[in-house]
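Take a look at the structure set out below.
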Amino acid sequence: KVENAKTGTFWDDIKYFTREEFRCQCGGKYCNGFPAEPVEETVRMADEIRRRAGVPLNVNSGVRCKQHNADVGGVWNSLHLTGQAIDLAPIGGDISAARLQEIAEQVQAEKMPNRGGLGRYDWGVHVDNGKYSRWTK
C-alpha cells in the first residue's frame, strides 16, 4: 500500500489496503464506484487477515452496486451491497485458499466471536461481518 495523506478516518490505520481497492467493479457503468462505503469492521478484518497471511492479497470484490452484484451472480441480499463483505485472493499463489480460510477463521473468531460469514472458493475467500455462516464452493 502506498502511504497516503492522513484522512482523519480509520483508513489511516489500514496498512495493506486502500479505499480505492474496495471500489465497485462495474467500472462506472452502473454506479460511481461507492454505492456504499466499506465498513470499518470488515476493512480492519481484511487488513489483519493480510498481515497474518504474509503475502499480498487482491480485493477481488469489495463494494458492489445492485446491478453489478446481479451480473456476477451475487445473492440479492449480499453484504457486498452494504460494504460489509470482501473477497480476497492471493496474488501469485503463495498461499492456498485453505490456509487463507484458516487465517480468516482465526481473525473472525477473535474480532467478532460467533459472527461473520466465511466462504472458501478455488480463487480465495469471501469474508463478511454478518451472521455466522460457513461454506465452500
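Cβ contacts < 6 Å: first residue on the phi > 0 side of the Ramachandran plot, restricted to segment 82-102; second residue buried (at least 21 other Cβ atoms within 10 Å of the Cβ), any location; separation 6+ or different chain. Result? If the second residue must be buried (at least 21 other Cβ atoms within 10 Å of the Cβ), the pairs left are GLY83/PRO38; GLY83/VAL63.
Scanning segment 62-111 for residues that are open to solvent by less than 60 Å² (accessible area, probe 1.4 Å) and touching a Phe, Trp or Tyr at 6+ places or on another chain (Cβ under 9 Å) gives GLY62, VAL63, CYS65, HIS68, ASN69, GLY83, ILE86, ASP87, ALA89, PRO90, ALA97, GLN108. For beta carbons closer than 7 Å, sequence separation of 6+ or different chains, a first residue in segment 16-45 that is open to solvent by less than 30 Å² (accessible area, probe 1.4 Å) and a second that is among the hydroxyl-bearing types (Ser, Thr, Tyr) and part of a helix (DSSP H, G or I), the qualifying pairs are ALA36/THR82.
Taking each residue of segment 112-137 that is open to solvent by 80 Å² or more (accessible area, probe 1.4 Å) and looking for partners that are assigned to a strand (DSSP E or B) with beta-carbon atoms closer than 6 Å, six or more apart or interchain, yields TRP123/ALA89; TYR132/ARG115; THR136/ARG120; LYS137/TYR121.
The values are calculated or read from the model by the stated rules, or taken from the named source; none is laboratory data. Keep in mind it's a predicted model, so treat the numbers as computed, not measured. So basically every Cβ, Gly included, is an ideal-geometry build from the backbone, and we count neighbours across all protein chains shown. Ligands, DNA and RNA are stripped out before the accessible areas are found, and what is left, the full protein with its side chains, is counted by its heavy atoms. Shrake-Rupley method; radii C 1.70, N 1.55, O 1.52, S 1.80 Å.
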